[in-house]
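Since the structure comes first, as structure tokens, the remarks are kept for the end.
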Amino acid sequence: MGKHTLKEWIFALRPWSFPASAMPIVVTLAYLFWKGSEVNWVLGLWALVGMVLFHCTGNVWSDYFDFRKKVDAEDTFGAKTMTTGMFQPHEIRNLALGLLVVSVACGLGLLAVTGLPLLWIGIAGVACTLLYPVLKYNALGDFDIVMAFAFLPTLGTSYAATGVIDWNVLLVALPVGLITDGILHSNNSRDVVTDRRAGITTMAMSMGPEKSVWLFGFEMLFPYIWVAALSMAGLLPLHTVVIFLTLPIAIGNARTMGKSLRAGSKIIADLDVRTANLQLLFSVLLAAAFFASKFI
């Protein structure tokens, strides 16, 4: 392993994807702060670090199985860590196992200073991480993403940072989680042909092109309806409507996916990146609105 540079090891972790796991934690902490909960920011930051570590583990673990299953090949858009010969499969497997140990250790440390409820959330999170390749190959990857990047981390963060599980955090987990899943869904919609060649079935494949377009459109646009409705109902501060500044991006993404029905998958080659950027901007504005509402 010593023959690789630090830059190559960092590349293998796919750091550009980290906002997908970090932003749900940031939004949760901001929401709890706005609600007036007594937030332990040290434990909240600990939860954030732990979530990103598990994300690293999941990235590398998934890449290893995608290469073995030939989901990632020289002619696909997938991770290039092994298809280019940069790493050998056993190196990526060992990296994933090492990251898993570090992630679990981080989680156990947080468990030791919080309480037992975090154990069950953590077990579910580990299961989502390790089972993701199997679930993805059997059209259940989208459900895994929503659980692992929305519901579980927000509930776990609420407990770690405040000492109680605040189920209301799911109100903010849903819109962020839907956009996050849009990253995967656009990726899978683009890769239908090569995924079919590899012998796997993603949700995009099982739904078909037209329904996949509708699902992606829902994931892009419903978060705005949800936040607007909750703000009008008084469950979220009115300042959260600032997220509508990103609505043109969401509409553009949905339209691009719709055009793929006629223009083919090439037109959505970078839609996963554009959706990831939307998730980051949406989450930053939502978190900022919670903090601003506390003082304005």
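Working from Cα pairs under 8 Å separated by at least six residues, relative contact order for segment 11-295 is 24 percent. Amide hydrogen proximity for residue 201: with H placed 1.01 Å from N in the peptide plane, the residues at 5 or more positions away or on another chain lying under 5 Å are 138, 139.
Which entries of 70/136; 35/294; 136/266; 69/136 have Cα-Cα distances beyond 18 Å here? Those over the limit are 136/266. Any chance you could check the Cα centroid distance between segment 69-105 and segment 172-218 for me, in angstrom? Cα centroid to Cα centroid, the span is 22 Å.
Here the peptides 113-122, 176-185 are ranked by packing, the mean other Cβ count within 10 Å, and the order with the highest first is 176-185, 113-122. By other beta-carbon atoms within 10 Å, ranking 93, 262 with the fewest at the front produces 262, 93.
Divide the volume of the convex hull around the Cα atoms of the chain by the residue count and you get 123 Å³ per residue. Let's test the formula: R0 of 41 Å, r as the Cβ-Cβ distance of residue 45 and residue 74. What FRET efficiency results, to the nearest 0.05? Step by step, r from the Cβ atoms, then E = 0.55. Over all other residues within a Cβ to Cβ distance under 14 Å of residue 211, the charged ones net out to -3, with Lys and Arg as +1 and Asp and Glu as -1.
Put the Cα centre of segment 135-169 next to the Cα centre of segment 33-60 and the gap is 12 Å.
For residue 211, a cut-off of 17 angstrom between C-alpha atoms picks up these lysines, skipping any fewer than 8 places away in its own chain: 259.
Here the residues 128, 56, ranked from fewest to most Cβ neighbours within 10 Å of their Cβ, fall in the order 128, 56.
Across segment 210-296, Cα-Cα distances exceeding 15 Å account for 61% of all pairs.
Cβ crowding within 10 Å ranks 4, 55 as 4, 55, fewest other Cβ atoms first.
By the combined test of axial Cα extent (at least 27 Å) and Kyte-Doolittle hydropathy (mean at least 0.0), the qualifying DSSP H helices of the chain come to 41-68, 89-113, 117-137, 170-190, 209-232, 271-295.
FYI, it's all coordinate maths here, none of it is from the lab. All figures in this text were calculated on a predicted structure; none of them were measured in a lab. Glycine gets a Cβ as well: all are built from the backbone with ideal geometry, and neighbour counts include every protein chain shown.
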